[in-house]
1. Counting only residues that are in a helix (DSSP H, G or I) and more than 8 Å from ligand 3 (Cβ to nearest atom), how many does the stretch 252-274 have?
2. Kindly check whether there is at least one residue in the stretch 93-102 that is in contact (Cβ under 8 Å) with a residue 60 or more places away in the chain, β-branched (Val, Ile, Thr) and outside the structural domain of GLY171 (by TED's automatic domain parsing).
3. Out of the residues in the stretch 135-153 that are touching a Ser or Thr at 6+ places or on another chain (Cβ under 7 Å) and over 30 Å from PHE280 (Cβ atoms), which is nearest to ligand 1 (Cβ to nearest atom)?
4. Looking for whichever is under 22 Å from GLY270 (Cβ atoms) and polar (S, T, N, Q) here; the options are THR142, THR133, THR147. Which one fits?
5. Any residue at all in the stretch 92-115 that is more than 19 Å from the chain's Cα centre (by Cα) and either of a type in the set (A, V, I, L, M, F, W, C) or more than 22 Å from GLU282 (Cα to Cα) (or both)?
6. Could you look through the stretch 236-251, keep only residues that are part of a loop (DSSP other than H, G, I, E, B) and at pLDDT 95 or above, and pick out the one that is nearest to PRO91 (Cα to Cα)?
7. Name the single residue that is farthest from VAL216 (Cα to Cα) among those in the stretch 12-51 being among the hydroxyl-bearing types (Ser, Thr, Tyr) and in contact (Cβ under 8 Å) with a residue 24 or more places away in the chain.
8. Kindly establish whether LEU128 is within 12 Å of ligand 1 (Cβ to nearest atom) and assigned to a helix (DSSP H, G or I).
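The values are calculated or read from the model by the stated rules, or taken from the named source; none is laboratory data. Quantities reported herein were computed from a predicted structural model and do not represent experimental measurements. Here the Cβ positions follow ideal geometry from the backbone for every residue, glycine too, while neighbour counts run over all protein chains shown.
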Amino acid sequence: MPSGIIIRGIAGFYYVAVKDDGVYECRARGIFRKKGLTPLTGDRVIFSVTDPAGKKGNIEEIEERSSVLVRPAVANVDQVIAVIAARSPDPDMMLLDKILVTAEDKGIRAVVCINKIDLDEGDRRTRLKEPYTKAGYDVIETSIHDTEGFSRLKEALEGHISVFAGQSGVGKSTLLNRIMDTVVMKTGSVSEKIDRGRHTTRHAELMELPGGGYLVDTPGFSSYELMGIEYDRLQYLYPEFTEHIPKCRFTGCSHVFEADCGVKEAVGEGLIEKGRYARFTELYKALKQEDEAKYRKSGRKGMKTND
Ligand SMILES: Nc1nc2c(ncn2[C@@H]2O[C@H](COP(=O)(O)OP(=O)(O)OP(=O)(O)O)[C@@H](O)[C@H]2O)c(=O)[nH]1
Ligand SMILES: [Mg+2]
Ligand SMILES: [Zn+2]
């Protein structure tokens with residue numbers, strides 16, 4: 001039976017791309033529903049052909065997923081490109097950190113792309129870039145007028161299943177169109193979008209890249225929740241904290257409330273950027289509060305279970 005990858009799913013139809021054999025329109029058999037399993041864009045599947053001429057089939061099997069993203073709903077993503085703009089819109093650093101934390105949590109490689117560097121007159125992009133290179137992330141600077149950073153971005157995408165994530169208006173679709181060398185995604189100015197109240201919400205779709213690999217464009221987020229992350233695990237999702245955690249005096253140090261904390265010292269010495277750390281403490285407190293509220297509700301105050 002042929003195998004392929006789901007590049008798009010709409011209303012119970014799954015479009016499966018098969019190497020050198022185009023795209024098959026497939027249904028999922030009832031068996032998946034019984035198992036509570038729904039095929040996702042990005043799934044590698046095995047299917048039976050029901051109509052060779054019409055290129056139709058039935059999905060028989062879904063291969064084990066290496067990752068599952070919720071926003072966008074895509075399986076097997078192995079790289080997140082977190083896009084911010086040097087300017088217009090001003091970068092939402094909390095959103096950026098949440099995207100990176102989510103990627104770390106799922107074991108997905110993350111790259112930071114600073115777009116619209118043509119609008120940066122000062123040294124803003126350098127200041128934006130530094131904390132993230134220090135944390136060990138690849139940072140790629142791009143603009144519609146530039147070719148060097150853009151080539152680096154194209155290279156980084158080759159052979160991966162990547163998603164673009166970031167605020168509305170940072171230029172994700174513009175970058176994607178340029179990579180595909182054709183207009184596949186609508187773009188627009190931030191104000192235009194707000195005026196029309198338009199949300200480019202659409203089904204997640206894998207675009208096959210000319211250089212190999214796939215890319216998913218994601219509509220800009222207006223809010224972004226960290227899902228399924230325990231507050232005491234958050235610290236491990238900041239790569240630049242790792243080497244400093246063993247220096248804390250207290251085992252189980254939260255790096256928020258305690259003294260003699262290796263992470264705080266590293267912040268003081270400029271080894272961890274203040275902003276990243278401040279946002280970490282903010283997220284930590286929010287997650288902790290959420291957790292406490294959850295246990296109050298379930299009447300098991302202070303108790304923790306693995307559910
Ligand atoms: N000056 C400048 N403008 C850019 C650049 N890249 C994109 N733009 C403009 O920024 C606006 C928004 O671009 P989009 O590609 O639609 O942004 P997006 O991230 O896809 O936005 P959403 O789909 O809403 O999430 C458009 O008017 C683009 O022309 C750039 O490098 N420099
Ligand atoms: Mg877009
Ligand atoms: Zn500590």
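1. Step one: of the stretch 252-274, the residues in a helix (DSSP H, G or I) are 262-268, 274.
Filter again for more than 8 Å from ligand 3 (Cβ to nearest atom), leaving 265-268, 274.
Result for the stretch 252-274: 5.
2. So far as the stretch 93-102 goes, no, none of its residues is in contact (Cβ under 8 Å) with a residue 60 or more places away in the chain, β-branched (Val, Ile, Thr) and outside the structural domain of GLY171 (by TED's automatic domain parsing).
3. Our first condition is that a residue be touching a Ser or Thr at 6+ places or on another chain (Cβ under 7 Å); within the stretch 135-153, this holds for 139, 144, 149-150, 153.
From what is left, the residues that are over 30 Å from PHE280 (Cβ atoms) are 144, 150.
On the way: ILE144: 4, PHE150: 9 Å.
Selected residue: ILE144.
4. From the options THR142, THR133, THR147, the qualifying one is THR133.
5. As a first pass, look at the stretch 92-115 and keep what is more than 19 Å from the chain's Cα centre (by Cα): none.
The answer is no; no qualifying residue exists.
6. Looking only at the stretch 236-251, we keep the residues that are part of a loop (DSSP other than H, G, I, E, B), and these are 238, 248-251.
Narrowing further to those that are at pLDDT 95 or above: 238, 248-250.
Values: TYR238: 19, CYS248: 32, ARG249: 35, PHE250: 35 Å.
Here the answer is TYR238.
7. Taking the stretch 12-51 as the starting set, the residues that turn out to be among the hydroxyl-bearing types (Ser, Thr, Tyr) are 14-15, 24, 38, 41, 48, 50.
From the residues that got through so far, the ones that are in contact (Cβ under 8 Å) with a residue 24 or more places away in the chain too are 14, 24, 41, 48.
Values: TYR14: 16, TYR24: 19, THR41: 10, SER48: 26 Å.
The residue in question is SER48.
8. Values: within 12 Å of ligand 1 (Cβ to nearest atom): no; assigned to a helix (DSSP H, G or I): yes.
Spelling it out, it is not the case that LEU128 is within 12 Å of ligand 1 (Cβ to nearest atom) and assigned to a helix (DSSP H, G or I).
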